[in-house]
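Working notes, beginning with the structure itself.
The values are calculated or read from the model by the stated rules, or taken from the named source; none is laboratory data. Since the model is a prediction, treat every value here as computed from it, not as a measurement. Using ideal geometry, Cβ is built from the backbone for each residue, glycine included, and neighbour counts are taken over all protein chains shown.
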Ligand code: AMP
Ligand code: GLY
């Protein structure tokens, strides 16, 4: 019997996890770096601390189950720490989370085992390696081999204007980290495929599309995300079934391989994929739920999350179902985000908001919710179609006021 559940993290994704758990018969403890007022309201116990410090976790050893939201604690092995303390953990170990914290490792796992999904790539350790790859592939994605919160990847033509700039960035990363990953620049449609994994089996979640650029029409700098949508049939309306099957096979083969090479992967996994004109490619793995993708899928999850978490950790996934609805999620961010965001500005939520509201990076200043400079609030609506969900979410957006910006074209044109 699960009665005490620990949730690590303080973003909108963790708000979605806690909101789902709050509908179940469990007591929630939340460990956060900064207080998220939405999470705090739903938790029995709240601890504000450095979530990446293994030493703080001893006090939670009486918990039955733990969910770890963000990547940083996974990369320092908080899952291992909690397991050693006797807590059942619905998240992968540090060794398995390497699929996320090292882009070079993820590429090598696929390459070594003949798993389809890699674009042309090279792990460059010298300036000569960089030059040789650029001679063959002039347009590239340059990726640091460490976690950068989604902000370290630079793409030719988007963030890198010419070869000189590309070489300079790649060389800087080699100096700093010892290596850099260069990949052929892919052009196509991106999608997110997430799965609950119990070491062996994967239960795939509804597909989601994430909008990363700051302004309408996919213009402006990359952000943590400005919104996302999922379709009622759980596929992506503009992708053929064969594309989705390929992505699923890549993910299943990866889990099978790491089980043999490292150990059983237990927890959610996230594949960012790109469907180009000729094939389906893996962009990256994340060893956690996505933000905002978690908000889309958890709002549809019909099975208790406690059962799913316990099943993943104990190599016995339960029967899992998601309601057949479409979802649209829109983020409200501080004006100027992500380059020069206004901070410490009040946000007001008027009465009558029908959409689900998730707090991201905000704080409670004596009863007034204020921005921090990072994403502030996510709104999510469900519908029979994406169009219906979209209409609902945008009809609520003016009820959230403050010095905020949002994209007006999330899921635009999707039936
Ligand atoms: P990542 O941190 O690997 O997700 O990269 C951030 C973003 O860069 C992705 O969501 C893609 O939009 C883009 N990206 C990453 N790798 C490639 C690639 N090989 N070709 C084109 N775009 C890429
Ligand atoms: N939506 C992108 C991420 O969670 O990394």
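Answer yes or no as to whether residue 176 is surrounded by fewer than 21 Cβ atoms within 10 Å (Cβ to Cβ) and either on the phi > 0 side of the Ramachandran plot or in a strand (DSSP E or B) (or both). Give the steps one after another, and end with the answer.
Working: surrounded by fewer than 21 Cβ atoms within 10 Å (Cβ to Cβ): yes; either on the phi > 0 side of the Ramachandran plot or in a strand (DSSP E or B) (or both): no.
No; evaluated as a whole, the condition is false for this residue.
If you go through segment 209-237, how many residues are more than 17 Å from residue 154 (Cα to Cα), in contact (Cβ under 8 Å) with a residue 60 or more places away in the chain and surrounded by fewer than 19 Cβ atoms within 10 Å (Cβ to Cβ)?
5
Restricting to segment 334-361, name every residue that is in contact with a helix residue (DSSP H, G or I) (Cβ under 7 Å, 6 or more places away or on another chain) and within 23 Å of residue 22 (Cα to Cα).
Answer for segment 334-361, where residues must be in contact with a helix residue (DSSP H, G or I) (Cβ under 7 Å, 6 or more places away or on another chain) and within 23 Å of residue 22 (Cα to Cα): 349, 352, 353, 354, 355, 358, 359, 360.
Based on this model, can you work out whether residue 379 counts as closer than 23 Å to residue 212 by Cα, modelled with pLDDT of 95 or more and surrounded by fewer than 20 Cβ atoms within 10 Å (Cβ to Cβ)?
no
Would you call residue 42 touching a strand residue (DSSP E or B) at 6+ places or on another chain (Cβ under 7 Å), surrounded by fewer than 21 Cβ atoms within 10 Å (Cβ to Cβ) and over 27 Å from residue 177 (Cβ atoms)?
Yes.
From the list 153, 181, which residue is within 23 Å of residue 98 (Cβ to Cβ), modelled with pLDDT of 95 or more and within 14 Å of ligand 1 (Cβ to nearest atom)? Lay out the reasoning, then the answer.
Numbers: 153 fails: modelled with pLDDT of 95 or more.
Going through 153, 181 in turn, the sole match is 181.
Of all residues in segment 307-321, which are buried (at least 19 other Cβ atoms within 10 Å of the Cβ) and closer than 27 Å to residue 389 by Cα?
The answer is 308, and nothing else.
Search segment 258-278 for residues being outside any loop (DSSP other than H, G, I, E, B) and over 16 Å from residue 200 (Cα atoms), and hand back the single one that is farthest from ligand 1 (Cβ to nearest atom).
By that ranking, first place goes to 275.
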